[in-house]
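The values are calculated or read from the model by the stated rules, or taken from the named source; none is laboratory data. Just so we're clear, the structure is a prediction, and the values are computed from it rather than from any experiment. When we count neighbours, we look across all protein chains shown, and the Cβ atoms used for this are built from the backbone with ideal geometry, even at glycine.
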Amino acid sequence: MARRVPIGSFNTGITRLREKGGARPDSLYDLVNGYINAAGAPVSRFGTRVQHTLPAGTKGLCIFKGKRHVFAMSAIDPGSTDYVVDILIHPDPAFAGTLVAIHFAKPFLGYLYVVAEFSDGKVFHYYLEANNAWQASTFYKIGDTVRPTTINGFVYTPTSQSNPPAWSPDTTYAIGDVVQPSQYNGYEYTVVDATGSPAKSGSSEPNWTASSGALVYDDSSGTTAPASTTAASTGHDSARYGNLIGAKTYKTDGSTP
């Protein structure tokens with residue numbers, strides 16, 4: 001029959017050294033599912049339980065903004081609103097392998113920083129910025145980023161096929177010429193009316209109205225021009241106010257909306 005030994009304070013902790021005369025009562029040879037705290041008392045380790053079984057294809061796990069984040073190469077329904085599947089795309093479009101491991105996943109400067117390894121043995125680093133989902137009838141400027149409403153691991157930014165010259169002072173402009181403000185605001189402006197021989201821009205840059213269909217007056221005569229409007233004004237002398245430049249927006253493929 002095994003001898004019972006009361007558990008008290010283990011000042012020596014866990015040791016496998018044996019002294020003459022037998023084991024010391026203030027030491028342990030081994031301890032399973034527990035540890036010795038600073039006071040020398042044995043403490044049971046907390047157990048774990050399965051909270052949720054994720055579908056095949058997900059790797060890694062980290063906590064970020066109150067959600068449990070796992071990672072995959074394609075959109076996968078995690079089966080629980082407590083979990084988010086972040087998509088990691090291999091940089092090579094021809095890659096047909098799998099995601100094999102997540103070596104690092106933690107928040108960094110407000111977003112998740114992830115280090116992933118793929119079945120070709122290559123390791124890549126990802127910084128998962130939280131981009132807004134694309135919305136219909138929304139104006140996006142060059143440099144803005146959006147993600148699809150159905151997440152696919154990519155983000156998208158608008159581009160323009162045209163890059164007209166910036167407006168410049170005391171410059172001759174003809175009807176049909178296209179300019180953009182010296183400070184980019186997402187719009188291009190087409191000259192729709194011009195007076196003078198030749199018709200020149202003013203010495204100071206006009207106040208560009210950043211809206212589709214706006215009319216912007218560029219005065220070269222020194223007369224105070226009216227405020228830019230979103231519709232053609234009536235009662236104004238176009239000869240007096242010089243060039244009339246109309247705002248025009250372009251979609252990312254270069255065509256007018």
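Side notes on the structure shown:
- Hey, TYR173 more than 40 Å from the chain's Cα centre (by Cα), surrounded by 13 or more Cβ atoms within 10 Å (Cβ to Cβ) and among the aromatic types (Phe, Trp, Tyr) or not: yes
- Being touching a residue at least 24 places away in the same chain (Cβ under 8 Å) and charged (D, E, K, R) is a property that ASP144 lacks.
- Close pairs (6 angstrom Cβ cut-off, 6 or more residues apart or separate chains): closer than 17 Å to ASN152 by Cβ in the stretch 79-100, of a type in the set (Lys, Arg) anywhere: VAL84/LYS67; LEU99/LYS59
- Of the residues making up the stretch 13-23, those that are assigned to a loop (DSSP other than H, G, I, E, B) and modelled with pLDDT under 70 are ARG18, GLU19, LYS20, GLY21, GLY22, ALA23.
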